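Comments concern the structure below.
The values are calculated or read from the model by the stated rules, or taken from the named source; none is laboratory data. As the structure is a computational prediction, the values presented were derived from the model and not from experiment. Don't worry about glycine lacking a Cβ; one is built from the backbone with ideal geometry, like all the others, and counts go over all protein chains shown. The protein model used for the area step is the full one, side chains on, heavy atoms only, and it has no ligands, DNA or RNA in it. Shrake-Rupley method; radii C 1.70, N 1.55, O 1.52, S 1.80 Å.
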Amino acid sequence: MHKILDELAIKRVIARIANEIIERNKGLDDVVLIGIVTRGEFLAHRLCEKLEEIEGIRVPVYNLNPEFFRDDRRHHEFMLMDFMGNIDDKRVVLVDDVLYTGRTVRAAMDALMVKDRPRSVQLVGLVDRGHRELPIRGDFIGKNVPTSQSEKIVVRLKEHDGEDGVYVAEKGE
Ligand SMILES: O=P(O)(O)OC[C@H]1O[C@H](OP(=O)(O)OP(=O)(O)O)[C@H](O)[C@@H]1O
Ligand SMILES: O=c1cc[nH]c(=O)[nH]1
């Protein structure tokens, strides 16, 4: 397993992406962050803190578990949409740690559309490892990491794993 992003690198990525979100949306009007569980949730909260530090505005952050909407995991008969607010006409920024086949993001978008009608949906990925099976691309990417199918990306975040680090490992590791 080798490290490709350390704590400082992750911090810089969050700062850069926060700035990119502000630039793309010309501020933070109607911006809502939605973190895909598990680690996307923590990244969304970190982005929220950074956005507030830069703009002095605290945007809403919600969590989404799109398991139920995954076409390949229909046996998971549950859905956890921890939505406190309405996202009708909002600029939704979806946040995930790893972008891979795109199936999780597709499921997340389905979940959003079932609930409300956002004005736009933008996508943040801490790592894009390629191998997309659907026409989905990230708008804000921390690091593009070409991988082979025999590898996996391991993301560790302090809030969940006790340390900050992103690693490339062999699937069996
Ligand atoms: O593009 P995809 O092929 O859908 O893969 C990417 C997703 O896979 C991982 O989640 P996982 O299902 O392992 O859940 P976890 O984040 O709770 O560990 C990762 O956190 C992304 O959400
Ligand atoms: O390599 C991968 C693929 C999906 N999700 C991960 O966390 N790592």
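The strands (runs of 3 or more DSSP E) found entirely in the range 120-173 that carry 1 or more residues being more than 13 Å from ligand 1 (Cβ to nearest atom), hydroxyl-bearing (S, T, Y) and over 21 Å from A107 (Cα atoms) are 165-170. From the list L99, L112, the lone residue that is more than 12 Å from ligand 1 (Cβ to nearest atom), buried (at least 21 other Cβ atoms within 10 Å of the Cβ) and farther than 18 Å from L51 by Cβ is L112.
Looking across S120, S148, one residue alone is more than 26 Å from A9 (Cα to Cα) and among the hydroxyl-bearing types (S, T, Y). It is S120. Could you list, in sequence order, the residues of the range 17-39 that are part of a helix (DSSP H, G or I) and without any contact (Cβ under 8 Å) to a residue 24 or more places away in the chain? The one that is part of a helix (DSSP H, G or I) and without any contact (Cβ under 8 Å) to a residue 24 or more places away in the chain: E23. Taken as a whole, the structure places D72 among residues that are surrounded by fewer than 20 Cβ atoms within 10 Å (Cβ to Cβ), among the charged types (D, E, K, R), part of a loop (DSSP other than H, G, I, E, B) and modelled with pLDDT under 85. Scanning the range 122-173 for residues that are small (G, A, S), open to solvent by less than 40 Å² (accessible area, probe 1.4 Å), within 13 Å of ligand 2 (Cβ to nearest atom) and free of Cβ contacts under 8 Å to residues at least 60 places away in the same chain yields G125, G130. Take the residues of the range 23-64 that are among the small types (G, A, S) and more than 15 Å from the chain's Cα centre (by Cα): which is nearest to F140 (Cα to Cα)? This residue is G27.
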